[in-house]
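A.B. asks: Please read through the structure below; I'll follow up with questions.
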Amino acid sequence: MILQCSIILDYPAYIDKLYPMCLCTETIIMKKHYLSKLFEPGSIAIIGASNSEGSVGGQVLKNLLDSGFGGALYPVNPKHDEIMGIPAYKSVSEIDHTVDLAVIATPAKLIPGIMHECADHGVAAVIVISAGFAEIGKAGLDLQNEIVDIARTYDIPLVGPNCLGIVRPRVGLNATFAKSPAKTGELALVAQSGAFCTALLDWADTEGFGFSAVASLGATADVGFGEVLDYLAVDPETRSILLYIEGITDARSFMSGLRVAARLKPVIVVKSGRNATGTRAAVSHTGAMAGSDNVFDSAIERAGAVRVKTVAQLFAAAKVLASGTRVRGSRLAIITNGGGPGVMAADRAHDIDVPLAEMSQETYDHLESVLPPYWSHSNPIDILGDAPPERYRQATEAILKDKNVDG
């Protein structure tokens, strides 16, 4: 049976190139995700922009120029007529064009008024980079609640406050004050900590791999992990997702987004604030309440995501996921040039329920023919301490050809 239909997608034009052969007898209208203007805006206002690259607003504008953003840029600063060669505006209300995204880098006390201007102008999404909100105490929390109320009243998705910003390399969007560029890739990073995002961007730049999206969410006062996971779950540019979490403000939304994403793509999670000391640090950093670590562990496992304990493990996961290699089973072969490390690796595999593969007779016979007589004759495959590179190559090629071995 052939199902014939036409699908009218309210998505960017590149989608048409992906599906050129659609046959038409019926029409289905599919709406954009409500965060689409956040990740793929056509125009951006940078409120607090300046000619100084040392300022946050100046660095954001420079990054947008350097990343090749193809849409319209509107610097907003009442003290300048022109910023970095672009005409500047005294306020958002003076911009005589549609604004999809506003990036705000001004003192916190000015932001409620700016939010009202954005609402009146019809701005579709807002990133508040500025700090000085819930992380400083009750006065800051009251100010944070005020800007969130404005955002929700006018249905404006708000990222932040106290965040690094958003990166979407494929469309030339680098709405952050990070110094490292981001290459295009298939790995998404979502984190509360701007410093953590910066560190991973720096590391990825030196390692030569890229991202489909980077979202620094800061205080997660409005847009949180759940909403971003919902977006990334159906994003065709994203094949895997990394999360750095300090605390969850909306558990229901988080679990809903995580379950959907983890069923479709690998999701790796690292969470700080695992004990009382870390929890206090998380509150002072982003105002996040970390909650019970045992409850969080159970929730992550039930959703189908994988939790790692250290940043080194997350970086290792990032490298594996960025490679594009996917292991389809759990049967493991261990190749070593030392009996002790091989035993330790086998013990660890058993601890985490990873079975050791049983080699086929054909593989066994081939190894017998290319390895020294005293090799281990079993898995772990000890090819002895004097093994040169060629011996490693012969053993590895033989093992990878064995259908009983997954990795």
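The values are calculated or read from the model by the stated rules, or taken from the named source; none is laboratory data. Computed from a predicted model, the values in this text were never measured in an experiment. Ideal geometry is used to build each Cβ from the backbone, glycine not excepted, and the neighbour counts take in all protein chains shown.
A.B. asks: Quick test of your reading of the structure: residue 271 fulfils all but one of (1) at pLDDT 90 or above; (2) out of contact with any Gly (no Cβ under 9 Å at 6 or more places or on another chain). Name the failing condition by number.
C.D. replies: (2)
A.B. asks: Out of all the residues in region 205-252, which are of a type outside the set (Asp, Glu) and within 19 Å of residue 145 (Cα to Cα)?
C.D. replies: Within region 205-252, 217, 218, 219, 220, 221, 223, 224, 225, 247, 248, 249, 251 qualify.
A.B. asks: A further question follows. In region 152-178, what residues are among the charged types (D, E, K, R) and part of a loop (DSSP other than H, G, I, E, B)?
C.D. replies: 155
A.B. asks: What's the total number of residues in region 203-233 that are part of a helix (DSSP H, G or I), crowded, with 20+ Cβ neighbours inside 10 Å and β-branched (Val, Ile, Thr)?
C.D. replies: The number of residues fulfilling the criteria is 1.
A.B. asks: On to the next question. Which residue is modelled with the highest pLDDT, if the candidates are limited to region 274-304 and must be surrounded by fewer than 21 Cβ atoms within 10 Å (Cβ to Cβ) and in a loop (DSSP other than H, G, I, E, B)?
C.D. replies: The extreme case among them is 304.
A.B. asks: Right, another one. Take region 365-392 and flag every residue that is crowded, with 16+ Cβ neighbours inside 10 Å, out of contact with any Asp or Glu (no Cβ under 9 Å at 6 or more places or on another chain) and under 21 Å from residue 330 (Cβ atoms).
C.D. replies: Within region 365-392, 380, 381 qualify.
A.B. asks: Continuing with the same structure: What are the pairs with Cβ atoms under 6 angstrom where one residue, in region 335-351, is surrounded by 14 or more Cβ atoms within 10 Å (Cβ to Cβ) and the other, located anywhere, is β-branched (Val, Ile, Thr)? Sequence gap at least six, or different chains.
C.D. replies: From residues that are surrounded by 14 or more Cβ atoms within 10 Å (Cβ to Cβ), the pairs are 335/381; 337/383; 342/334; 342/336; 345/334.
A.B. asks: Moving on to the next point. Out of 176, 184, report the one residue that is modelled with pLDDT of 95 or more, surrounded by fewer than 18 Cβ atoms within 10 Å (Cβ to Cβ) and assigned by TED's automatic domain parsing to the domain that holds residue 266.
C.D. replies: Numbers: 176 fails: surrounded by fewer than 18 Cβ atoms within 10 Å (Cβ to Cβ).
Exactly one of 176, 184 is modelled with pLDDT of 95 or more, surrounded by fewer than 18 Cβ atoms within 10 Å (Cβ to Cβ) and assigned by TED's automatic domain parsing to the domain that holds residue 266, namely 184.
A.B. asks: Within region 110-164, how many residues are of a type in the set (D, E, K, R), touching a residue at least 40 places away in the same chain (Cβ under 8 Å) and more than 20 Å from residue 41 (Cα to Cα)?
C.D. replies: Counting residues in region 110-164 that are of a type in the set (D, E, K, R), touching a residue at least 40 places away in the same chain (Cβ under 8 Å) and more than 20 Å from residue 41 (Cα to Cα) gives 1.
A.B. asks: When you go through (1) within 26 Å of residue 382 (Cβ to Cβ); (2) small (Gly, Ala, Ser); (3) crowded, with 18+ Cβ neighbours inside 10 Å one by one for residue 316, which number turns out not to apply?
C.D. replies: Answer for residue 316: the failing condition is (3).
A.B. asks: Which of (1) part of a loop (DSSP other than H, G, I, E, B); (2) over 16 Å from residue 59 (Cα atoms) is the odd one out, the single condition residue 200 does not satisfy?
C.D. replies: Among (1) part of a loop (DSSP other than H, G, I, E, B); (2) over 16 Å from residue 59 (Cα atoms), the lone unmet condition for residue 200 is (1).
Residue-by-condition table, conditions (1) among the charged types (D, E, K, R); (2) farther than 19 Å from residue 249 by Cα; (3) touching a Lys or Arg at 6+ places or on another chain (Cβ under 6 Å); (4) surrounded by 19 or more Cβ atoms within 10 Å (Cβ to Cβ):
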| residue | (1), (2), (3), (4) |
| --- | --- |
| 86 | no, yes, no, no |
| 108 | no, yes, no, yes |
| 122 | no, yes, no, no |
| 125 | no, yes, yes, yes |
| 129 | no, no, no, yes |
| 150 | no, no, no, yes |
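A.B. asks: Any residue in region 76-104 that is assigned to a strand (DSSP E or B) sitting within a Cβ distance under 8 Å of a residue that is among the basic types (Lys, Arg) and modelled with pLDDT of 95 or more? List the pairs, counting only those 6 or more apart or interchain.
C.D. replies: The qualifying pairs are 76/90; 101/37.
A.B. asks: State yes or no: is residue 317 touching a residue at least 60 places away in the same chain (Cβ under 8 Å) and in contact with a Phe, Trp or Tyr (Cβ under 9 Å, 6 or more places away or on another chain)? Spell out the reasoning first.
C.D. replies: Working: touching a residue at least 60 places away in the same chain (Cβ under 8 Å): yes; in contact with a Phe, Trp or Tyr (Cβ under 9 Å, 6 or more places away or on another chain): no.
Considered against the rule, which asks whether it is touching a residue at least 60 places away in the same chain (Cβ under 8 Å) and in contact with a Phe, Trp or Tyr (Cβ under 9 Å, 6 or more places away or on another chain), residue 317 comes out as no.
A.B. asks: Look at region 382-407 and say how many of its residues are among the β-branched types (Val, Ile, Thr) and either part of a helix (DSSP H, G or I) or without any contact (Cβ under 8 Å) to a residue 40 or more places away in the chain (or both). I'd like the intermediate steps shown before the answer.
C.D. replies: Here is the first cut: in region 382-407, the residues among the β-branched types (Val, Ile, Thr) are 383, 396, 399, 405.
Now drop any that are not either part of a helix (DSSP H, G or I) or without any contact (Cβ under 8 Å) to a residue 40 or more places away in the chain (or both), which leaves 396, 399.
Total satisfying the criteria: 2.
A.B. asks: Yes or no: region 373-381 includes at least one residue that is assigned to a helix (DSSP H, G or I), more than 30 Å from residue 301 (Cβ to Cβ), modelled with pLDDT of 95 or more and touching a helix residue (DSSP H, G or I) at 6+ places or on another chain (Cβ under 7 Å).
C.D. replies: In the first step, residues of region 373-381 are kept if they are assigned to a helix (DSSP H, G or I); the result is none.
Looking for residues that are assigned to a helix (DSSP H, G or I), more than 30 Å from residue 301 (Cβ to Cβ), modelled with pLDDT of 95 or more and touching a helix residue (DSSP H, G or I) at 6+ places or on another chain (Cβ under 7 Å), one finds none in region 373-381, hence no.
A.B. asks: I would also like to ask the following. Which members of region 393-405 meet the condition of being in contact with a strand residue (DSSP E or B) (Cβ under 7 Å, 6 or more places away or on another chain) and either crowded, with 16+ Cβ neighbours inside 10 Å or among the basic types (Lys, Arg) (or both)?
C.D. replies: Result: 395, 399.
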